[in-house]
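The values are calculated or read from the model by the stated rules, or taken from the named source; none is laboratory data. Keep in mind that what you see is a predicted model, and the values were worked out from it rather than measured. Cβ placement follows ideal geometry from the backbone for every residue including glycine, while neighbour counts extend to all protein chains displayed. Remember, those area values only see protein heavy atoms, side chains included, never the ligands or the DNA or RNA. Shrake-Rupley method; radii C 1.70, N 1.55, O 1.52, S 1.80 Å.
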Amino acid sequence: MPCDIPGRIRVLGTPDEENMGGKGLLRDAGAFDGVDVWMMAHPTSTSAVQPMGARVDAQANFVGATHAEAVRTAYEALVLITDFGTTLPAGTTATPVEDVGMFAINVVAQKIMLGIAVVGLRDVNETVGALLDSTYVGVNYTVAADDEVEDGVAVTMEGPGGHASEGTKSPLRLSIETFRNLTNSGREGVSFFLPGNITATEPDITISVRPRYTMDLDSLLKNVTSLITSKAKSITTDRPYPALEVLSTPGDRFINLMHDADHDSQANWNFSTIAPAATDAGFVQDAVLDPSPNLSRLQERSTVTDAPR
């Protein structure tokens, strides 16, 4: 693409951006040294220049004397977190993620299995079917007898899952509501298990805590962890990500650039104040724009090494 601005453009990929804060590691290794302006791209459902929220993950470990006790305790915590999440303002979420299968801390699983003992297959099917309304977009389930435990029924719930920032009603949410309903049903002796994993006595869950602004991160995390402190054996947190704000002037210029014919007249680009997700982009916010109109010094930087791979 023709460009009349003297300087060098480098494109860097970010390894392990969610778990360890990849941009922070790149910064510490000097990958952004000598950079005057940086931009980041994050996939989302719309084409927009927009801010990103803050984020920290809390990993909670639960222990039970038996598998059934451990699963019950973990699901009791999931109920508490789910209910708390419904009280948060727009743009702020606290989303639980069950650490099972192809686990990723920022993705709500597309498939969740919950086992129920003592309740018959027909009753389980009717319970889940009554919960599955139009608010569970794309979610479905199947029930089957499970001989891993006596009188066991396994419910397999599948659906789109989604990014932890979206707060949509996922297969995990359906399993949480199934647990809640059967626990409160008054049936005696109801217990729960994880099909295919009935010996585990230390299940984990992750709560993705995502306020709109960095200043709210500590208080929101404190509120979340206080809900489950009495149930969890331990709660640890990963590296917090600050929010990313976007100035209107460079944002508008980028949008105008995307609108022109050289970029296929992408008229669907807009400026948004909504933060669709959290990001680790804030780790490199120490870049400073040179106020000098003389940018010739950028041309002299011919010794800048390639980005680490």
Next item on the list: Provide the per-residue ³J(HN,Hα) series for segment 196-212, in order, calculated from phi with Karplus coefficients 6.51, -1.76, 1.60 and θ = phi - 60°, each as a whole number of Hz, with x at glycine and proline positions.
Entry: x, 8, 7, 9, 5, 10, 9, x, 10, 9, 10, 10, 8, 9, 9, x, 5
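Roughly how big is segment 166-234's charge dipole about its Cα centre, with Cβ charges of +1 (Lys, Arg) and -1 (Asp, Glu), in debye to the nearest 20?
Details: 9 positive and 7 negative charges, 27 e Å.
Taking the Cα centre of segment 166-234 as origin, the dipole is about 140 debye.
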Notebook entry, point to check: Residue-wise, which Karplus ³J(HN,Hα) couplings in Hz belong to segment 237-251, taking 6.51 cos²θ - 1.76 cosθ + 1.60, θ = phi - 60°, and x for glycine or proline?
Noted result: 10, 8, 6, x, 10, x, 6, 10, 9, 10, 6, 5, 5, x, x
Notebook entry, point to check: So how far apart, in nm, are the two label points at ASP147 and ASN184 if each is 7 Å from Cα heading toward Cβ?
Noted result: 3.6 nm
Notebook entry, point to check: For the modelled label position 7 Å from the Cα of THR273 along Cα-to-Cβ, which residues of segment 31-68 have backbone nitrogen atoms closer than 20 Å?
Noted result: 46-54
Check: Considering only THR225, SER208, ASN184, whose Cα is most displaced toward the positive end of the charge dipole of segment 180-233, charges sitting on Cβ of Lys, Arg (+1) and Asp, Glu (-1)?
Finding: ASN184
Checklist line | R0 of 41 Å, Cβ-Cβ distance SER134-VAL37: FRET efficiency to nearest 0.05 | finding: 0.35
Note to self: For a Förster distance of 22 Å, can you work out the FRET efficiency between the beta-carbons of ALA65 and SER226, rounded to the nearest 0.05?
What the structure shows: 0.35
Notebook entry, point to check: Considering only protein heavy atoms and a 1.4 Å probe, what is the carbon-and-sulfur percentage of the accessible area of segment 203-249?
Noted result: 56 percent
Notebook entry, point to check: What is the gain in length, in nm to one decimal, between THR46 and GLN266 on full extension, counting 0.36 nm per residue of separation less the C-alpha to C-alpha distance?
Noted result: 78.0 nm
Next item on the list: With label points built 7 Å along Cα→Cβ from the Cα atoms of GLU76 and ALA90, find their separation and express it in nm.
Entry: 3.7 nm
